[in-house]
Amino acid sequence: MSDSTAASKNAADLPPKYVPADVEPAITQAWEQANAYAADASGGGDPFAICIPPPNVTAALHLGHALNNTLQDVLTRHARMAGKNAVWLPGTDHAGIATQSVVDKRLQATGQKALKEYKLDEAEGKGGRDAFIEKVQDWKDEYEARITQQLKDMGCSCDWERQAFTMDEPRAKAVREAFFQLFKDGLIYRGKRLVNWDPVTQTALADDEVEMEDIDGNFYYMKYPVCDASGGKTGDFATVATTRPETMLGDTAVAVNPDDKPRAQYIGQFVKLPIVDRVIPIIGDDYVVIPDEDSDDSKARMASGFLKVTPAHDPNDYDIGQRHDLPIINVMAPDASISITHGWPTEENPEANETLKPFVGLSREDARKVIVRWFKDNDLLAEVKPYRHAVGHSYRSHVPVEPYYSDQWYLKVTDDKLKGAALRAMDESQRQPSEDAAFNSNADTQATGLKFTPERYAKTFQTWHENIRDWCISRQLWWGHRIPVWSKSLQVSQSNAAEVFDEAGFYVIGLDHIFQHGEDWKETAITIVGPEGIVDYKQNGLALPAEPEQFTFFVCTTRDDMGKELEAAGFERDPDVLDTWFSSALWPMSTLGWPEKTPDLDLWNPTSVLCTAREIITLWVSRMVMFNLYFEGRLPFKDVFIHAMIQDGHGQKMSKSLGNGVDPVDIIHSHGSDAMRYTLTSMTTQTQDVRLPVDTIDPHSGITFTPKFITGPGGYKVAAPTQEHPPGSGKQMVSSYGLASGTAEPTEDMPAARNTSEKFDIGQRFATKLWNATRFALGNLADAKPDAVNVSMSVADRWILSRTVRAVEAADKHLAAYDFHNYANGLYQFVWNEVCDWYVEAVKPVIREPEGAKSRQVLAAVLDTSLRLLHPVMPFVTERLWSALSEVCPQRGVEGLDPAENELLVTAEWPTADRALIDRDAEERFGRIQGVVGMIREVRNGAKVSPKESLDFSVKVSDDVAATLREGLALMSAMTNTNIVAVGPDTEKPDNAAVVTAPLGEGYLHVEIDTAAESDRLTKRKEELEKSIKTLDGRLGNEKYTSKAPAHLVQQTRDQRAAAAAELERVEQQLSQL
RNA sequence: GGGCGAUUAGCUCAGCUGGCUAGAGCGCACGCUUCACACGCGUGAGGUCACAGGUUCGAGUCCUGUAUCGCCCACCA
C-alpha cells in the first residue's frame, strides 16, 4: 500500500479506542487510489450489477436512503470479494415536479425572481424558460454534489466514474430514442382526457402522484328546477347531492338510475340549471346509486337519487358523458378559478349572463361558498350534511387535485407488449391465479423469472399490472426532458393539395427525406391527426377532403437538427416535458449505454438485483420492467429486494416532505459510518419497518437530549423547529425539522443541531469490540516466534475453526437470501460470543508460550476470516484492521481456511468454507467445558466470592474419563480462577463445597456457601425440574403422542425426562446435605 | 371500499416448513479498574407470545373471527 496513513505499521499503531473520524477519510482515500470500485466489462468473473435507485436531487439523503444504499453496498462488496465482475452504478434523478417546485419555493422565500416571473418573461419571448432551468440546474449541481459526498462518507463502493444523472446527455439520448420508438410503434398517443391537475404547479399528475387524504366536507343537496325541452318549468325539482357545488356551472346532465322506480319517470325530462340557465337533460344511467337510508353503503345513505353530471370535472361524470354523448364544459382556468374562457360554449354567451358574472374569477373554494349561498338565498338549497371522504391531493403542492380536461400525451401501457410482457415476466412460482388475458396470450414471452423478496410483493406487482391504465406522460413543467415532438396544424383540402403535398401524397415541408422515404423511420416518425382521428397515411395515403379540414401533423424526431428544420417550417415544439419516471424507467439500460449496444449493456443488463422500498413498486419497478422488456427483450434485473422503511420514534415514515429525516452524516458524526451501516443492516428483517427514536445533540454542550415535539402540519409529530437545552437556559438551537421545513434559520447564537440515536450504539460497540480483539491478537502475534510445527491443535483451536466454517456458511446463505438481519447478527454473535468471549479467553494462557504456536496461527486465520466476512457491512474498520494484521502477520491461514492474501481488504477474496474443518467432537467437548465454566461462575457469583479469589476445585470422574478431560479441565480452571486439587474416582465432596454436575461426572467447588441462599436456589431448581418432568410425563403418557409423533422426538422427550430426573435426584441429594 | 403487514420482556426487535424449559441488544439489579476492550467482563431478574374460538398428541408458529396500529391501492355524487 502506497499511503502511510491508512496502513498501520504495527499493533502499537492501533490506538486503544477506535475513533472512526480518525480512520475513515484515509481509508476512503486508499480505496480511491487503488481504484477499487472501477469495473470493466472485459474483466473476468460472473457479472454482478446494481443500479442505484437514483435519489432525487431535491434534498440531501436521509436514513431511509442510508439503509437502501448500505444494503446495496453490502451486496456489491460481497460480490466483488466473491470474484464477480461487480459494478454498482451511481446516479441521481432530476425529479421533475419535485425539484422545480422546491427551487421555486426557495426563490420565493429568498425574495428572488421566481417561476411566476420567469413565466411572464417566457410569454414575452425573453427566454424565461432557459433562465429558470439554469436556476434549477444550480440547485441540482449543489445537491448532486452533496448526495454524492454523503454516499462516499457512507463508504458506498459505487463506480464513481459512471456517475449518471437522469437528465444528462447520455440519458437524454436514451429518453429521446425510447420516446421515438414508442411513438413510431403507435404506443404513444395524444388524448384529450381528464387528468389529475395540480392548480398550484399547474401541471398534470400521474395517478400515482395523487395522494388520498380524508377530508371533512359536506354533502350539499341542491334543487334544480325540472323543465321541458324549451326550458318551461314544471314546478317540480330534482334535488342533486354533491360535495362539489362549484362544479354545477359545468353540469351538462342530471342522471338517475333507471331501476330507481320513483325517479326513473324523470328520464327524458330536463332541468334548467340555476345561475347559468342551461337546459340539460335528465338521463338514465345505472352508475347512479339508488338512495337507501338503511344501506351499509354510505353513498346510498347520502344519495338523493339525482346525480349532477359534470364531465369536465369528475372522472365518473366524464365516463357518463362519453356514454350519453354529453357536452364537456370546462368552467375553470388552469389555476382552478372559475372561468368562462376555457371551454365554455360561446353560444351560451356567458359574458352576457349577469347572474353568472359574480362567480367568474373566484377560486374554487370561494366559488363553493358563494354558490351555496346563492342556492340558499334562492331557496334552492335543500340540506347540508357533514361528510368525511377521501380527496385526491397533489403529492407535491398538497392541494386537492382538480380533474381537468386537457390535451396530454399518453403511453399505452395497457398494450400487451408492455403490460402483458411484464406480467409474463413474473416468476411462475410467485404468480397468483389470474384471469388476466396476459397470461393466456400467445405473445412471445421474452423473459421470465422476475422474483421478489419478500415474495408477497409479487402480488402488488401483479395486481398493479392487471389493473393498469394508460400512463399520462406529459407534464406542464420546465424541468425535465422536453417531449421530442413538433406539430403544426393546417387547413387541408384538395384545392391546396399542391401547396402541401407532393406527387407521392406526402406532406412537403422541406424535409423531403422524412416523407419521401416514408419507411425509413430511423429518426423520424409522423402521426397525422385529422377530424376523424389518426390517419393511417402509410397504408392509404392521405385522402384529401373537398372542403378544407383541420389536420395536425405530429413529427417525432430524435435529431436536434431536424427539430430546427421543423421549426423553420413553422412547426412548434411541444412545450411539455416528460414525467420523471419516464427517464427513471430507462435507468438500468441508460446507465449502461443504451441505446448503443455496448459491451456494458451486454454484460450487466439485466442487473442482478434491484434494492428498493415498497412504495416504488408501481411507480418505478413496473415501468423499468416494461421498458427493458420492450426495448431489449430482457428483464432490467432478476431479483427485486424490497426492504423496510425507516420510521421516526413516533412510527411515522421518515421522509423529506415530513421534515423528520435524519442526515446519515449526523450519525456518522456521532457513531461512525460502520456503526450506522451495521445497525441499519442488522435491523433489516423481512417484515418489520424500523422504528428509530431520534435524539438531538446540543451544539453548545455536546450533550444528547430528547427534543421537544410539536404537532406539525398534517397532524404529524415533529421536533419543534427550535429547541432549548436545558430548558430555560436560553441556549437555543435549530432542529433538523426547523431546517428541513424552513421554519427556522440557524444563526451564530442559535446553531443547527445534529441528530443522533442510541440505536446505533450497538454498531459502535461492535466496531470497538472488533478493534480491541484485533489489538489483543496483534499484540500477541507480533511477538510470535516462527511457529513450532510439532504443536498440535487444542480443543479450543479445533472448536473455533469449526465455528468459523459455520459462520462462513451462514454468511453465504443469508446474503444469498437477502437475509441481512441474520447475516449481520450471525457475525456479531460469532465474533463477540464465540471468538472474543470464549476463544480469546481460552487461548490467553498459552498465546505467548511455545505451546501456543498453533493457537496463534488459528487466531490469525480466524481474525482474517472475520474481517473478510464483516467487510461488506463494516468496510472502514475492517480495512483498517486488515492493514494492521497484514503488517504484523503477513502469512496466515491454516489448512482448509487459507484464502489468498491481498493488500487491500476491499478487493480481497471472500473466504470459502472447507467443511473438513467442521469438528463435532470439538464442538461437543468445548460445549461441555462452557457448561461447567458457566456453572462455576454461577456458584461463585451466588456465593459472592470475589473473582480475584482463587478457589479449589476437585473432580470426581472415572480414571479413563479423567485422562480425556485433562485439557478441558486446565482450560476450565483458567477461565474460572480455580485450582484443581484432585481428579479421580475417589474424590470426596468436602463439607464446604458447591456441587457442579456434568454428564461425565461431578465437581466440587471448595467454598463456604450461604446455606440459606443455596437452599433457595436448589429448591427453585427442584421445582422447575418437577414441573418439567410433569410436562414430559404427560407427553409420554399420552398414547397418541408416542404413536403419532416422530420417533426421534419421542426419544428426545424420553432423554429429556431421564436427564431431568437424574438432575432432580442430584439436586435433592444436595438439598439433603446442606 | 380492496389488499398487505404488524401486535412476543420496560424499550427496539428475532423466532424458517408447528416439537420452546420462548431468544437478542438496550435498559434494570448484583459483583468486578482480570495485563484487548468499563463502547468492557461475569451473574441475574423480567414474558398467561393482543383477544376469542378452532385444528392437532402438541400452537408464539396453522385456520376463523375481533380489536388496535401501519403501509399500499381505489373514479372526490
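The values are calculated or read from the model by the stated rules, or taken from the named source; none is laboratory data. In this text, all values refer to a predicted model and were calculated from it rather than measured experimentally. Cβ placement follows ideal geometry from the backbone for every residue including glycine, while neighbour counts extend to all protein chains displayed. These accessible areas exclude ligands, DNA and RNA; they are computed on the full protein's heavy atoms, side chains included. Shrake-Rupley method; radii C 1.70, N 1.55, O 1.52, S 1.80 Å.
Remarks
- Listed by position, the strands (runs of 3 or more DSSP E) contained in the stretch A:301-413 that have at least 2 residues being farther than 24 Å from residue A:212 by Cβ and open to solvent by less than 70 Å² (accessible area, probe 1.4 Å) are A:381-394, A:402-411.
- Close contacts from the stretch A:37-49, counting a first residue that is at pLDDT below 90 and a second that is surrounded by 13 or more Cβ atoms within 10 Å (Cβ to Cβ) and assigned to a loop (DSSP other than H, G, I, E, B), with Cβ to Cβ under 7 Å and a gap of 6+ residues or different chains, come to A:45/A:83; A:45/A:84.
- The stretch A:446-477, subset touching a residue at least 40 places away in the same chain (Cβ under 8 Å) and of a type in the set (S, T, N, Q), residue farthest from RNA strand B (Cβ to nearest atom): A:446
- Scanning the stretch A:973-991 for residues that are at pLDDT 85 or above and either open to solvent by 50 Å² or more (accessible area, probe 1.4 Å) or on the phi > 0 side of the Ramachandran plot (or both) turns up A:974, A:977, A:979, A:980, A:981, A:983, A:984, A:985, A:986, A:988.
- Selection within the stretch A:958-1014 - touching a Pro at 6+ places or on another chain (Cβ under 7 Å), away from RNA strand B (no atom under 14 Å from the Cβ) and assigned to a helix (DSSP H, G or I): A:959
- Unique match (being surrounded by fewer than 21 Cβ atoms within 10 Å (Cβ to Cβ) and β-branched (Val, Ile, Thr)) among A:552, A:557, A:591, A:607: A:552
- Exactly one residue out of A:1067, A:1007 is touching a Leu at 6+ places or on another chain (Cβ under 7 Å), hydrophobic (A, V, I, L, M, F, W, C) and closer than 30 Å to residue A:843 by Cβ, and it is A:1007.
- Which listed residue, of A:26, A:79, is among the small types (Gly, Ala, Ser) and at pLDDT 95 or above: A:79
- So residue A:198, is it within 11 Å of RNA strand B (Cβ to nearest atom) and open to solvent by less than 10 Å² (accessible area, probe 1.4 Å): yes
- Some residue of the stretch A:119-129 being in contact (Cβ under 8 Å) with a residue 60 or more places away in the chain, in contact with a helix residue (DSSP H, G or I) (Cβ under 9 Å, 6 or more places away or on another chain) and assigned to a helix (DSSP H, G or I): yes
- For the residues A:852, A:893, the requirement of being farther than 30 Å from residue A:641 by Cβ and open to solvent by less than 10 Å² (accessible area, probe 1.4 Å) singles out A:852.
- For the stretch A:908-933, the set of residues classified as within 13 Å of RNA strand B (Cβ to nearest atom) and open to solvent by 30 Å² or more (accessible area, probe 1.4 Å) consists of A:930, A:931, listed by residue number.
- Any hit, the stretch A:703-726, residues being open to solvent by less than 30 Å² (accessible area, probe 1.4 Å), within 11 Å of RNA strand B (Cβ to nearest atom) and in contact with a strand residue (DSSP E or B) (Cβ under 9 Å, 6 or more places away or on another chain): no
- Residue A:206 small (Gly, Ala, Ser), open to solvent by less than 30 Å² (accessible area, probe 1.4 Å) and within 13 Å of RNA strand B (Cβ to nearest atom): yes
- Test for residue A:1065: is it open to solvent by 30 Å² or more (accessible area, probe 1.4 Å), away from RNA strand B (no atom under 12 Å from the Cβ) and in a loop (DSSP other than H, G, I, E, B): no
- Selection status of residue A:722, under 30 Å from residue A:397 (Cα atoms) and β-branched (Val, Ile, Thr): yes
- Per the listing A:873, A:862, the residue uniquely in contact with a helix residue (DSSP H, G or I) (Cβ under 6 Å, 6 or more places away or on another chain), open to solvent by less than 50 Å² (accessible area, probe 1.4 Å), among the β-branched types (Val, Ile, Thr) and not in a helix (DSSP H, G or I) is A:873.
- Criterion (open to solvent by 30 Å² or more (accessible area, probe 1.4 Å) and within 30 Å of residue A:842 (Cα to Cα)) met by exactly one of A:1012, A:994, A:970: A:970
- Looking only at the stretch A:538-553, and only at residues there that are hydrophobic (A, V, I, L, M, F, W, C) and closer than 20 Å to residue A:487 by Cβ, the one that is modelled with the lowest pLDDT: A:542
- Flag if residue A:824 is within 12 Å of RNA strand B (Cβ to nearest atom), open to solvent by 10 Å² or more (accessible area, probe 1.4 Å), farther than 27 Å from residue A:974 by Cβ and not β-branched (Val, Ile, Thr): no
- Qualifying residue in the stretch A:949-957 (condition: without any contact (Cβ under 8 Å) to a residue 40 or more places away in the chain, outside any helix (DSSP H, G or I) and not aromatic (Phe, Trp, Tyr)): yes
- Among the residues of the stretch A:171-187, those that are open to solvent by less than 20 Å² (accessible area, probe 1.4 Å) and either out of contact with any Phe, Trp or Tyr (no Cβ under 6 Å at 6 or more places or on another chain) or near RNA strand B (Cβ under 10 Å from one of its atoms) (or both) comprise A:172, A:175, A:178, A:179, A:180, A:182, A:183, A:187.
- Residue selected from the stretch A:210-234 under the condition open to solvent by less than 10 Å² (accessible area, probe 1.4 Å) and within 15 Å of RNA strand B (Cβ to nearest atom), by the criterion nearest to the chain's Cα centre (by Cα): A:222
- Residue check, residue A:267 in a loop (DSSP other than H, G, I, E, B) and surrounded by 15 or more Cβ atoms within 10 Å (Cβ to Cβ): yes
- Residue A:277 being under 18 Å from residue A:226 (Cβ atoms) and either touching a helix residue (DSSP H, G or I) at 6+ places or on another chain (Cβ under 6 Å) or acidic (Asp, Glu) (or both): yes
- Identity of the residue in the stretch A:291-337, modelled with pLDDT under 85 and either touching a His at 6+ places or on another chain (Cβ under 6 Å) or among the aliphatic types (A, V, I, L, M) (or both), that ends up nearest to RNA strand B (Cβ to nearest atom): A:303
- Selected residue [touching a residue at least 40 places away in the same chain (Cβ under 8 Å) and either more than 20 Å from residue A:48 (Cα to Cα) or within 21 Å of the chain's Cα centre (by Cα) (or both)] from A:594, A:604, A:620: A:620
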